[in-house]
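Colleague: Next up is a structure, given as structure tokens.
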Amino acid sequence: MFTTPFLDIPPLDAAAGTVRLPGSKSISNRVLLLAALASGTTTVHDLLDSDDTRVMLDALAALGCSVERAGDTLRIEGLGGRLKTPSASLFLGNAGTAMRPLTAALALLGGEFELRGVPRMHERPIGDLVDALTQLGCRVDYLGNPGYPPLQIHPVALDDLQLDAPIRVRGDVSSQFLTALLLALPLAARRDIVIDVVGELISKPYIEITLNLLARFGITVQREGWQRFTIPAGSQYRSPGDIHVEADASSASYFIALGAIAEGTGIRIEGVGAESIQGDIRFIEAARQMGARVDSGPNWLAISRGAWPLRAIDLDANHIPDAAMTLAVMALYADGPSTLRNIASWRVKETDRIDAMANELRKLGATVEDGPDFIRVHPLPAGSWRPASIKTYDDHRVAMCFSLAAFNPDGVAVRILDPHCVAKTFPDYFETLFSVAHAPEVPVICIDGPTASGKGTLTVEVARRLGYHYLDSGTLYRVTGLAMRRAGLDAQPAHEARIADLARALPLVFNEGKVLLAGEDVSEDLRTEAAGMDASRVSVLPAVRAALLALQRSFRRLPGLVADGRDMGTVIFPDAGLKVYLTASAAHRAERRYKQLISKGISTTIDSLRADLEARDLRDSSRSVAPLKPAPDARLLDNSHQTIEQSVVQVLAWWQEVQPFESA
């Protein structure tokens, strides 16, 4: 997961491969609540691990529910409709699938509870649900603005509830209000309980998910159209024992769109199929209308490009409100204006999604019209795309949608601000996208320099701040030198071929700051002065350099790479977008190395270290193969009097100078 302030996605031109998606958020949080309310133990498989499910799990734990994790499964010991904790203060983030259902359940369970969330949650309406609960006799107070969280829930005895008349709830703002009542009211079903929906019910497929899952937990709700729902008297939650969570159909929309937009052999999605219980699976109907080729099986989808450009659509998207956001970005690749209608619910989601989508699409250069419940997007022809920094409004779906803009025909990069927001439902979204996407050119920053110049520390920090991969080429040579020693070889021409064979087949793994050679942690062995000398010796052997060349270049992966070494900018990545030659005087480098060694209890002198560094500099700069020298287009950075932070800031500033976003 990317935790950087922004993520730059370079121009992408093709995609192919297989992705497996995380579990559905809508199913996950419903299952968690039902398992907690039920009697018995429920084992949940393939639960989504995200911000929204974590706040639900934290809330259930605070309420006294026993939750045990075993690998990819959760064992939940149900409360059987009886709380173990009479009062609690619960933080529910920005998770509507936790806030609304828990409000209803806790109002009926009889306790004193405070429910709050992030500032945006306190802007998302809940008044219609509270109104429905107060009809029953529940006691719920607003702690801030009326109609919105935070809330204070007070205990009420079930015998005091008014269940004679139908409970009326609005259905035209959010289907989560009806879902919350359906999930919670079996707690009070001493007689038939009737819910009447006022107005047109939106997002009906989400209610279908709720009804399906209630049935799995022993509650059979009677439905009269979409206006009246009856919970039979005597309804009781019963654990199904084991339950599997489908992959998220809303998240599938990005990869369905990817298959429709990108050149290549297509995308296969595993974990969800056309027979899914999730309403957003109907996104495939809209994708087909726009020209995508979609095949499906019991638990998979296969998508490839069909009509190109995509065909414009005019669609009532009320049934797929979350997935429809993806259509707004697909519309940029269409043959005419596309209109999405009946999407007023976008305005009360994680952000005002109609305004958000319109604003960010315009940044790319698109003409967009929008109103209270619609958005119309005009296509962007080649030559019209602009580089843009996409504001995500702490909305995971905005971030994921706009990543698809990187497939534009003008080869324009896209910057996603606050990419971490995808943690709400799909923490590894960008990694998954990059696993199947192809870029004609992956960005590279090269940081070369002599021994003890601090290039390794600088490279790691620059890579961390950009969310890029990291290559320490010196480690590859150090590992090769170590393998050479263990094999009883010397860095001589007579052993060159055998050392090269070792280098090609290095069983090397980089894992959380450790270097593993055939499963053995050799990190400390590689930090010795002897290992550094061996690395310098094997690096002059042409056959060894050739063997390691392909390995080093294989680190060039999306979204980008920061590589340090001695010839990164001159030999390995001569086309790098930024080349930095880092240096410091031998005296300063010797002093730094002296402090490092003394801190480890290694006895040495500054004079001997300086002499060694000067000798290595001469050897590295005078070797016949890839001598140490700055690339002609490298920027020189003498860090003799700089802190690491100052050097990092300088390199990042140079990198931003060659990016297109400042003027966008």
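The values are calculated or read from the model by the stated rules, or taken from the named source; none is laboratory data. Keep in mind that this is a model prediction, so the values were computed, not measured. Cβ atoms come from the backbone with ideal geometry, glycine included; neighbour counts cover every protein chain shown. SASA here: full protein model, heavy atoms, side chains in, ligands and nucleic acids out. Shrake-Rupley method; radii C 1.70, N 1.55, O 1.52, S 1.80 Å.
Colleague: Averaging over all projection directions, find the projected area of the Cα convex hull of the chain and quote it in nm² with one decimal place. If you can, show how the numbers build up before the last one.
Modeller: Numbers: hull surface 130.3 nm².
The directionally averaged projection comes out at 32.6 nm².
Colleague: Next question. Between Tyr148, Ala107, Val118, whose Cα lies farthest towards the positive end of the dipole of region 94-162 when Lys and Arg beta carbons carry +1 and Asp and Glu beta carbons carry -1, centred on the Cα centre?
Modeller: Final value for the positive-end residue is Val118.
Colleague: Given the rule -39500 (n - 2.57) for each run of at least 4 DSSP H residues, summed and divided by the residues of the chain, what is its mean residue ellipticity at 222 nm, to the nearest 500 deg cm²/dmol? Mind showing how you got there, number by number?
Modeller: Working: 20 runs with 228 residues, N = 664.
After summing the helix terms and dividing by residue count, I get -10500 deg cm²/dmol.
Colleague: For region 382-456, what does the accessible surface come to per residue with a 1.4 Å probe? Please give it in Å².
Modeller: Working: 1920 Å² over 75 residues.
Per residue, region 382-456 has an accessible area of 26 Å².
Colleague: Going by amide H atoms built from the backbone, whose H comes under 5 Å of the H on Ile445, apart from near neighbours?
Modeller: Answer set, sorted by chain and number: Leu561, Val562, Ala563.
Colleague: If you don't mind, there's one more thing I want to ask. Which distance in Å, rounded to a whole number, links the C-alpha centroids of region 23-92 and region 486-504?
Modeller: Centre-to-centre (Cα) distance: 57 Å.
Colleague: Now for a different question. Collect residues whose amide H, placed 1.01 Å from N in the peptide plane, falls under 5 Å from the amide H of Asp316; neighbours closer than 5 in sequence don't count.
Modeller: Residues meeting the amide H criterion: Arg341.
Colleague: Using a 1.4 Å probe and counting only protein heavy atoms, arrange Val648, Val540 so the residue with the most accessible area comes first. Provide the component values of the computation, followed by the final result.
Modeller: Values: Val648 0, Val540 55 Å².
I get Val540, Val648, largest accessible area first.
Colleague: For a distance above 24 Å, tell me the whole-number percent of Cα pairs in region 166-272 that qualify. Working shown, then result.
Modeller: Details: 2230 of 5671 pairs.
The answer is 39 percent, as a whole percent.
Colleague: With every protein chain present, what is the per residue accessible area of region 152-290 (1.4 Å probe, Å²)?
Modeller: Values: 5140 Å² over 139 residues.
Accessible area per residue: 37 Å².
Colleague: Could you work out the mean projected area of the convex hull around the alpha carbons of region 511-620, in square nanometres to one decimal?
Modeller: 8.7 nm²
Colleague: Next question, about the same structure. Arranged from highest to lowest average of other beta-carbon atoms within 10 Å per residue, in what order do the peptides 525-538, 89-102 appear?
Modeller: 89-102, 525-538
Colleague: Further question: Please give the Cα centre distance for region 238-259 versus region 304-367, rounded to the nearest Å.
Modeller: With region 238-259 and region 304-367 each reduced to a Cα centre, they are spaced 22 Å.
Colleague: From the gyration tensor of the Cα coordinates in region 11-103, what semi-axes in whole Å does the equivalent ellipsoid have, largest first, with each one equal to sqrt(5λ)? Walk me through the numbers before you get to the answer.
Modeller: Values: eigenvalues 171, 51, 20 Å².
Taking √(5λ) for each eigenvalue gives 29, 16, 10 Å, largest first.
Colleague: Let me ask something else about it. For region 193-210, what does the Karplus curve 6.51 cos²θ - 1.76 cosθ + 1.60, with θ = phi - 60°, yield as ³J(HN,Hα) per residue in whole Hz, taken in order and with x for Gly and Pro?
Modeller: In residue order, the calculated couplings are 10, 10, 10, 9, 8, 9, x, 6, 6, 8, 6, 4, x, 6, 5, 4, 4, 4 Hz.
Colleague: I'd like the projected area of region 596-664, averaged over all directions, using the convex hull of its alpha carbons. Report it in nm² with one decimal. Kindly include the intermediate steps, with their values, before the conclusion.
Modeller: On the way: hull surface 30.2 nm².
Reported value for the Cα convex hull: 7.6 nm².
Colleague: Please work out the Kirkwood hydrodynamic radius for region 414-570, using every pair of different C-alpha atoms, and report it in angstroms with one decimal place.
Modeller: On the way: mean 1/r = 0.0590 Å⁻¹.
After inverting the pairwise mean of 1/r, the radius is 16.9 Å.
Colleague: What are the residues whose amide H is under 5 Å from the amide H of Tyr148, where those residues sit 5 or more places off or on another chain and H is modelled from the backbone?
Modeller: Here Ile126 satisfy the definition.
Colleague: Please work out whether region 80-146 counts as rounded, prolate or oblate from its C-alpha gyration tensor, where a ≥ b ≥ c are the square roots of the eigenvalues and a/c under 1.5 means rounded, while otherwise a/b larger than b/c means prolate and anything else oblate? Present the calculation step by step, with values, prior to reporting the outcome.
Modeller: Details: a/c = 1.80, a/b = 1.26, b/c = 1.43.
Oblate.
Colleague: Here is a follow-up. How much accessible area per residue does region 564-664 have, in Å², with a 1.4 Å probe? Display every interim value, and only then the final one.
Modeller: Working: 5250 Å² over 101 residues.
On a per-residue basis, region 564-664 sits at 52 Å².
Colleague: Testing the spin-label approximation: label points 7 Å from Cα along Cα→Cβ at Ala62 and Ser603. State their distance in nm.
Modeller: Once both label points are built, they end up 5.9 nm from each other.
Colleague: Scaled to the compact-protein estimate 2.2 N^0.38 Å, what is the alpha-carbon radius of gyration of region 329-400, rounded to two decimal places? Walk me through the intermediate numbers first.
Modeller: Details: Rg = 11.9 Å, N = 72, 2.2 N^0.38 = 11.2 Å.
The reported ratio for this selection is 1.06.
Colleague: Could I ask something else about it? Show me the ranking of peptides 584-592, 4-12 by mean Cβ neighbours inside 10 Å, starting with the highest. Don't skip to the answer; put the middle values down first.
Modeller: Working: 584-592: 18.6, 4-12: 20.3.
Ranking, from highest mean packing down: 4-12, 584-592.
Colleague: With Cβ to Cβ distances under 10 Å as the rule, what net charge do the other residues near Asp13 carry (K, R +1; D, E -1)? Numbers along the way, then the final one.
Modeller: Working: positive: none; negative: Glu263, Glu441.
Cβ neighbours under 10 Å give a net charge of -2.
Colleague: Kindly rank 454-462, 262-270 from highest to lowest mean number of other beta carbons found within 10 Å of each residue. Numbers along the way, then the final one.
Modeller: Details: 454-462: 21.3, 262-270: 19.6.
Answer by packing, highest mean first, reads 454-462, 262-270.
Colleague: Using the Karplus curve 6.51 cos²θ - 1.76 cosθ + 1.60 with θ = phi - 60°, what ³J(HN,Hα) values do you get for each residue of region 638-647, in whole Hz, with x for Gly and Pro?
Modeller: Along region 638-647, the couplings run 8, 9, 3, 10, 10, 7, 4, 4, 5, 5 Hz.
Colleague: May I ask you to derive the FRET efficiency for Leu549 and Ser624 from their Cβ-Cβ distance with R0 = 22 Å, giving the value to the nearest 0.05?
Modeller: On the way: r = 17 Å, r/R0 = 0.75.
Taking R0 as 22 Å, the efficiency between Leu549 and Ser624 is 0.85.
Colleague: Work out from phi, with θ = phi - 60° and the Karplus expression 6.51 cos²θ - 1.76 cosθ + 1.60, the ³J(HN,Hα) of each residue of region 568-577, listed in order in whole Hz, and give x for Gly and Pro.
Modeller: Computed from phi, the couplings for region 568-577 are 4, x, 9, 10, 6, 10, x, 9, 4, x Hz.
Colleague: What is the Cα centroid distance between region 450-467 and region 99-130, reported in whole angstrom?
Modeller: Between the Cα centre of region 450-467 and that of region 99-130, the gap is 47 Å.
Colleague: Need one number: % antiparallel among DSSP beta bridges in the chain, to the nearest 5.
Modeller: Numbers: 54 of 97 bridges.
So the antiparallel bridges in the chain amount to around 55 percent.
Colleague: After finding the eigenvalues of the alpha carbon gyration tensor for region 358-459, what semi-axes result from the square roots of 5 times each, listed largest first in whole Å? Working shown, then result.
Modeller: Numbers: eigenvalues 210, 65, 32 Å².
Taking √(5λ) for each eigenvalue gives 32, 18, 13 Å, largest first.
Colleague: Stretched out fully, how many nm does the piece from Thr85 to Ala653 gain, at 0.36 nm a residue minus the Cα gap? Could the numbers behind the result be given before it?
Modeller: Values: separation 568, 0.36 × 568 = 204.48 nm, distance 5.31 nm.
Length gained between Thr85 and Ala653: 199.2 nm.
Colleague: Here's another thing I want to ask about it. Calculate the dipole size of region 121-217 relative to its Cα centre from +1 charges on Lys and Arg beta carbons and -1 charges on Asp and Glu beta carbons; express the result in debye to the nearest 20. Mind showing how you got there, number by number?
Modeller: Values: 8 positive and 12 negative charges, 48 e Å.
I would put it at about 240 debye.
Colleague: By how many nm would the segment from Asn299 to Glu123 grow when fully extended, if each residue of separation counts as 0.36 nm and the alpha-carbon distance is taken off? Kindly include the intermediate steps, with their values, before the conclusion.
Modeller: Numbers: separation 176, 0.36 × 176 = 63.36 nm, distance 3.74 nm.
The Asn299-Glu123 span can extend by a further 59.6 nm.
Colleague: A further question follows. Determine how large the accessible area of Ser523 is when every protein chain is in place; take a 1.4 Å probe and give Å² rounded to the nearest 10.
Modeller: 10 Å²
Colleague: Give, rounded to the nearest 20 debye, the magnitude of the charge dipole that the chain has about its Cα centre when Lys and Arg contribute +1 at Cβ and Asp and Glu contribute -1 at Cβ. Walk me through the intermediate numbers first.
Modeller: Values: 68 positive and 79 negative charges, 176 e Å.
With only Lys, Arg, Asp and Glu charged at Cβ, the dipole is about 840 debye.
Colleague: Return the carbon/sulfur percentage of the accessible area of the chain, one whole number, probe 1.4 Å, all protein chains in place.
Modeller: Values: 12620 of 25470 Å².
Of the solvent-accessible surface of the chain, carbon and sulfur hold 50 percent.
Colleague: Assigning unit charges at the beta carbon (Lys, Arg +1; Asp, Glu -1) and nothing else, what dipole magnitude in debye, to the nearest 20, does region 403-480 show about its Cα centre? Walk me through the numbers before you get to the answer.
Modeller: On the way: 6 positive and 8 negative charges, 41 e Å.
Dipole about the Cα centre, nearest 20: 200 debye.
Colleague: Under the 0.36 nm per residue contour assumption, what length would be gained going from the current alpha-carbon distance of Glu263 and Arg341 to full extension?
Modeller: Details: separation 78, 0.36 × 78 = 28.08 nm, distance 2.92 nm.
Result for the pair: 25.2 nm of gain on full extension.
Colleague: Next question. Distance cut-off 22 Å, Cα to Cα: go down the list Lys25/Lys204; Lys391/Lys455; Lys455/Lys595; Lys455/Lys600; Lys514/Lys600 and report the pairs above it.
Modeller: Working: Lys25/Lys204 17 Å; Lys391/Lys455 33 Å; Lys455/Lys595 17 Å; Lys455/Lys600 20 Å; Lys514/Lys600 18 Å.
Over 22 Å apart, Cα to Cα: Lys391/Lys455.
Colleague: Starting from region 163-258, pick out the trypsin sites (Lys or Arg not before Pro) whose DSSP state is loop and whose Cβ has at most 15 other Cβ atoms within 10 Å. Could the numbers behind the result be given before it?
Modeller: Numbers: sites: Arg168, Arg170, Arg190, Arg191, Arg216, Arg223, Arg228, Arg238; in loops: Arg190, Arg191.
Those satisfying the criteria are Arg190, Arg191.
Colleague: Label points 7 Å out from Cα along the Cβ direction at Ala505 and Thr643: separation in nm?
Modeller: Result: 4.9 nm between the two label points.
Colleague: Counting every Cα pair in region 203-253, what percent are over 16 Å apart? Provide the component values of the computation, followed by the final result.
Modeller: Values: 638 of 1275 pairs.
Of all Cα-Cα pairs in region 203-253, 50 percent lie more than 16 Å apart.
Colleague: Distance in nm between label sites at Thr528 and Glu114, each 7 Å beyond Cα in the beta-carbon direction?
Modeller: So the two model labels end up 5.9 nm from each other.
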